[in-house]
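Shown next, in structure tokens, is the structure this report addresses.
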Amino acid sequence: MLDFVQQLVSGVALGCVYGLIALGFVLVYKATEVVNFAQGDLMMLGGFFAFTFIGMLGLNYWLGFAGAVAAMALFGMLAERLVVRPILGYPQFSIIMATIGLGFFLRSVSGMIWGTDDFKIDTPFSQGVVRIGSLVLADDKLSVIAATIILCTLLYLFFNKTTLGTAMRASSENMLAAYYMGIPVKRVVSIVWAISAAVAGCAGVLLAPITFVHSNVGLVLGLKAFPAAVLGGFGSIPGAVVGGVLIGVIESMAGFYLAEGWKDVAPYVVLLAVLLLKPEGLFGLHIRKKV
Amino acid sequence: MRFLFKTDYEDDIRLFPHSGYFVSYGILFALLLTAPYVLSSYLMSQLVFVCIYATVGVALLILTGFTGQASLGHAAFLAIGAYTAAYLQQFDVPFPVYFLAAGLLTGVVGALVGFPALRLQGIYLVIATISFAFIVEEILARWESVTHGNEGMRVKTLYLFGTAVSRDSPAFYFLCLAVLVLTIVGALNLLRSPTGRAFVAIRDSETAARSMGINVSLYKVKSFAISAAITGLAGCLFAHKLSFISPEMFTLQLSIEFIIVILIGGTFSLHGAVLGAIFIVMIDPFLTYLKDDMPGLIAGMAATMGAGSERAAHIQDSVAAFASLNGLKGAIYGIIIVLFVLFEPLGLYGRWLKIKLYFQLFPLYKRATFKRQKIYVKSERNR
């Protein structure tokens, strides 16, 4: 029983990691219907920024954290301006390819700049553990869970309660109509990319003690976060986190109870099953087809 | 400029619309036939890869370009074809049999993947095919009694009609070329048949296709099966060319490479598959060439422009250091993809058509002829 609970908790912690990256996917998709395949690589870049600020320049952890997130927000706007804006309004396929290209580019360039070793950042959460009864929880995992919950709540409120959030939802539904209603669509898209990259930056910094920082971390985690976003129904913010947690729990349970090899495959098997039964994901809206 | 006068449908769907086609394709064919006796063995080997990649490109074009179903799982189909060939070869099955079996089995798997894909659109389909590819990769690594797991499998020399065809011989190149040409001709015939028309109708609007009486599910599954089967055939040749296969060769990276093939070549015509394959395969030798010769070249240029010999040597060193950086290939890949999506969405074949039209219409060519239309009313979620 204790094994089960321990597996469950570590699965939830792992799942929050996926959920945190999936949040970035969902944000961009929700606001612009663009699927950003470079999200994992943005996360990796955030980790490297934090490593530069904290590990190389010797800044305070929280200062470095804030600096990395701010730098990522700027970088997100830059990427949007250079790569996404010129092809806004073209078929999804081209945009997916462009972001795949961006991912390739970021991976190799960061490998060139920072090298291909694993880097570690010293954080206030690196050492401590919390004990509840005989359960042992590491601080770094708890910090990820807390950050996921906070970010998810904030973003959910932002999208549903603020004017800017409403503008984002409007421009995702129909850019032209939103533009006629006086929404500066280009600026909205740019802000969405900034937020999404900042969320990715947060994820990168928080994951640094768990996964270390290296140039391929984004590819590995991004590919796991992607099913998480799909499982939750691509356009839903709470869905992304729930999907992430599901994937994380499935992965850690499969790793513990099933034969070797199932750990990596189980999330995808579940994903295919869900897509078969409910193609729009668990929390996705089912919209009627129109001619 | 030549004007084609078409009086009936047969004229419109002709494979060779006018005699000029015979001349240009005849010359191309003659060049391809003499290639083994002219080119170096390294370039020949690359040419074989061009044939294999182009075959996969044609398969992917049928599915993605003409039926509109994106797939990032074609490496898995290639793997199934390759492993079927390698497995059957152990039992002394003759080449034609296991070649066709590879295609058949992959086609069946493709149809099975097509069924779940029926309900999926756009990004959901992409992620479903990625998941499928991951599962296949893991099965290949774990099903050790058949695939030998991560140790991989050796593929023996190919025997065709009792003679050994080594993987570097001109005969193997001719085999790959024949498969490619037959695939292209088959695909061309398919695309001008009612089935091909149905594919294009589904790509352009599923709802409209359905209301015209097209059985959308049936044709989508057909498209998946055909595309997978061709990829399986290519997989068999791929296995022979490499002579050793293991699961980590058939990763997502390879699937992405195949998508890049058709993206760079152009997704609206079969020419795109061949041009894209040439581009993707030849980028490696080109980069090696740059790495070896660029530093000297740039230093030479600097020297002629008045830099001292010490300065030139310094430039040569720094360029060489840059060229041998680890991730340079990935970065160049990324830049190429982004640039093509942004500035040449119709691909290399689109560029060729533009150049051709420029000279045909000179001086009346307008850039707007090829302009893509932007659709700001997002419909992909509601489609």
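Summary table
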{"item": "Among (1) of a type in the set (A, V, I, L, M, F, W, C); (2) touching a Leu at 6+ places or on another chain (Cβ under 8 Å); (3) more than 12 Å from every other protein chain (Cβ to nearest Cβ), the one test that A:Val274 misses", "result": "(3)"}
{"item": "A:Gly115, sole failed condition from (1) closer than 20 Å to A:Ala50 by Cβ; (2) of a type in the set (Gly, Ala, Ser); (3) facing chain B (nearest Cβ under 8 Å)", "result": "(3)"}
{"item": "Selected residue (only one of B:Phe322, B:Phe279 is among the hydrophobic types (A, V, I, L, M, F, W, C) and within 30 Å of B:Phe66 (Cβ to Cβ))", "result": "B:Phe279"}
{"item": "Residue within the range A:156-169 that is farther than 26 Å from A:Met77 by Cβ, buried (at least 17 other Cβ atoms within 10 Å of the Cβ) and more than 14 Å from chain B (Cβ to nearest Cβ) present", "result": "no"}
{"item": "From the options A:Ile191, A:Ile195, A:Ile210, A:Ile183, residue that is part of a helix (DSSP H, G or I) and either at pLDDT below 90 or within 14 Å of chain B (Cβ to nearest Cβ) (or both)", "result": "A:Ile210"}
{"item": "Helices (runs of 4 or more DSSP H) completely within the range B:65-164 that count 3 or more residues being crowded, with 22+ Cβ neighbours inside 10 Å, in the same structural domain as B:Thr55 (by TED's automatic domain parsing) and not aromatic (Phe, Trp, Tyr)", "result": "B:74-89, B:95-117, B:122-142"}
{"item": "Filter result for A:Val144 (assigned to a strand (DSSP E or B) and more than 11 Å from chain B (Cβ to nearest Cβ))", "result": "no"}
{"item": "Filter pass, B:Arg119 being within 10 Å of chain A (Cβ to nearest Cβ) and more than 22 Å from A:Asp264 (Cβ to Cβ)", "result": "yes"}
{"item": "Of residues in the range B:195-228 being among the polar types (S, T, N, Q) and touching a Leu at 6+ places or on another chain (Cβ under 9 Å), the one surrounded by the fewest Cβ atoms within 10 Å (Cβ to Cβ)", "result": "B:Ser217"}
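Residues checked against (1) more than 9 Å from chain B (Cβ to nearest Cβ); (2) crowded, with 17+ Cβ neighbours inside 10 Å; (3) within 18 Å of B:Val136 (Cα to Cα); (4) in contact (Cβ under 8 Å) with a residue 24 or more places away in the chain:
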position	(1), (2), (3), (4)
A:Ala229	no, yes, no, yes
A:Val241	yes, yes, no, yes
A:Ile250	yes, yes, no, yes
A:Ala259	no, no, yes, no
A:Trp262	no, yes, yes, no
A:Val269	no, no, yes, no
A:Phe283	yes, yes, no, yes
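Okay, residues lined up against (1) in contact with a helix residue (DSSP H, G or I) (Cβ under 7 Å, 6 or more places away or on another chain); (2) buried (at least 16 other Cβ atoms within 10 Å of the Cβ); (3) at pLDDT below 75; (4) within 14 Å of chain A (Cβ to nearest Cβ):
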| position | (1), (2), (3), (4) |
| --- | --- |
| B:Ala312 | yes, yes, no, no |
| B:Leu325 | yes, no, yes, yes |
| B:Val341 | yes, yes, no, yes |
| B:Leu353 | no, yes, no, no |
| B:Leu361 | no, no, no, no |
| B:Ile375 | no, no, yes, yes |
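The values are calculated or read from the model by the stated rules, or taken from the named source; none is laboratory data. None of the values given here were measured: they were computed from a predicted structure. When we count neighbours, we look across all protein chains shown, and the Cβ atoms used for this are built from the backbone with ideal geometry, even at glycine.
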